[in-house]
Each structure stands twice: as structure tokens, then as C-alpha cells.
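What follows is one structure encoded as C-alpha cells, with my remarks underneath.
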Amino acid sequence: MHSTATRVQAFIGDPISAEPPVEHAELERIFKDIQSDIRFDHELNGCLNCGICTATCPAAHYYDFSPREIVQLLWTENLEGIYDAMQEKIWACAQCYTCAARCPFGNSPGGLVMLMREVAIKHGMQSAKDVLRPFSRVMLKLISTGNQLSPDMITPDHFADWGPNISKVDAPLKVLRKAIPMPTLNTTETAWEVNLKTSIELYTIWEMTGVLAQLETIDENLFDVISDIMDEKREDYEDWLEDQDDDEDDD
Ligand code: SF4
Ligand code: SF4
């Protein structure tokens, strides 16, 4: 199985699917979608063009990617440049937020990249489809069951790549494990057993927040598979509710 970094590298190394020429009105719509997000003003306060963010960025070390360039494109409202960056460069960011911790203006280039990614998905850009395609199995699992992390999953054995820092996370978890008595949160064995009611609530969240609509724009087949799973679970839940009513009537 390839790591995320390998997949991103593979994607970046590939020739990018040629995009059709984009009308200026579409470039404006894309920028407006980025700029109108409630996080935009919080994450972009100006830019000195100092390059500190790029100097500390691990992705800039390995890829043709610079957070300084991304911030400058947004700050100067360079619509064509923003669109070009969304075809490839924004997918190189590792979302580590080292840049946000160092920027003298309090900008968050990593956060701005996340906004641009979300807008790339919303607009069904080919770059978003190409990057997310290898993760369709992960998305299937996450969207259909959610992602539950039980305290006993966070151990040095499970996260060998965290190195010695795992002890900082592991130590308070020993206290947390004792403080969280619910059996469903306690162990790896039970954490993936999502009950029907929780699943239905999760699906409502996906629908109300627009996650499913976004998925449909980038992977219609996956959207269909997940929709079928959701329909089945909703029917199972309705049946379960009816059984409960029947039991109550019998009592
Ligand atoms: S969040 Fe992205 S842009 Fe910022 S330092 Fe990390 S990899 Fe670089
Ligand atoms: S975003 Fe911040 S750190 Fe990066 S170039 Fe602009 S002012 Fe400097």
C-alpha cells in the first residue's frame, strides 16, 4: 500500500489532465467562493512576501510548491494564478500548519490551501478527482461508518511513525481510558461497531453540510454506492423502530 506522500508524489509527477480554457466569469466565481468563506478573513491578513512560510514548509522542500506564492496569489487577487495553482500545487500541502505558526501576519497558508481544495471539489475540478480517486475506499469507509478512534488505538505500536512523541499523547490517554467508561469508546474491538441510530445521524450530517453533494461532483460512482448503503441502513432503522413499537404494544 502506498503512503499519502507517495500518492501525492505520483500525482504530481504525472502529466496533469488538460483543463479546457476557463471563462473569466468562472475564474471570478471560483475566487468569490474562496473569498466568501467565513475562514478567509481570519486566515489572510496581509502578506509581507517575506517567505518565512515557504522556508519552514516541508512540502516546499520536496515539491514545486510555495505557500508564499499561494498567499500572494490570493492577496493580489490573481484569478488566473489562483486557478492554475488549483490544478496541481495546492494538492502538495501536507496540512501540517507549520506556516501558520511562523507567519508574522498571523496568516494560515495551510488553511487557505484547504479553502482552495474545498472550492476545487465544489467546482468538480479534474485535479480534485485525480487526487481523491485513490482514496475512494477510505472515503467509502469514513462516510458509511464514520471514523471512531478508541483510546487503545493510540499506542506506540499502532503509530510507529510518530517516534518518541507518541509518549506525550499516550500518557494522558491512560487517564482518559479510566475516565471514559462507555464500552464503545474503550477498545479497538468495539469502536467500529456503529449502531444504526448513530449511522443515520451521521448521514444526516453528511447531507446537511453538503459533504454528499461535494462527493457527487467528484465521484458519481462512489456517491451511488454510499447512497445505496445509506438507504439500506435507513430502512433497517425504520424496521427496528417498528419492531420497538410492536414490542411496546404487546406489553
Ligand atoms: S500547512 Fe501546508 S503550506 Fe503550511 S507548512 Fe504545512 S505543508 Fe507547508
Ligand atoms: S504568508 Fe506570512 S510568512 Fe508567508 S510570505 Fe506572507 S507574510 Fe511572510
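The values are calculated or read from the model by the stated rules, or taken from the named source; none is laboratory data. Keep in mind the model is a prediction, meaning the values are calculated, not measured. Here the Cβ positions follow ideal geometry from the backbone for every residue, glycine too, while neighbour counts run over all protein chains shown.
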Are any residues in region 60-99 of a type in the set (Gly, Ala, Ser) and at pLDDT 95 or above, and if so, which ones? Ala60, Ser66, Gly81, Ala85, Ala92
Take Thr187 and tell me if it is of a type in the set (S, T, N, Q) and at pLDDT below 85. yes
Restricting attention to region 4-15, does a residue exist that is modelled with pLDDT of 95 or more and surrounded by 11 or more Cβ atoms within 10 Å (Cβ to Cβ)? no
Scan region 42-69 for residues that are near ligand 1 (Cβ under 8 Å from one of its atoms) and under 24 Å from Asp130 (Cα atoms) and jot them down. Cys57, Pro58, Ala59, Ala60, Phe65, Pro67
If you scan region 70-98, which residues turn out to be over 22 Å from the mean Cα position of the chain (by Cα) and within 14 Å of ligand 1 (Cβ to nearest atom)? Gln72, Leu73
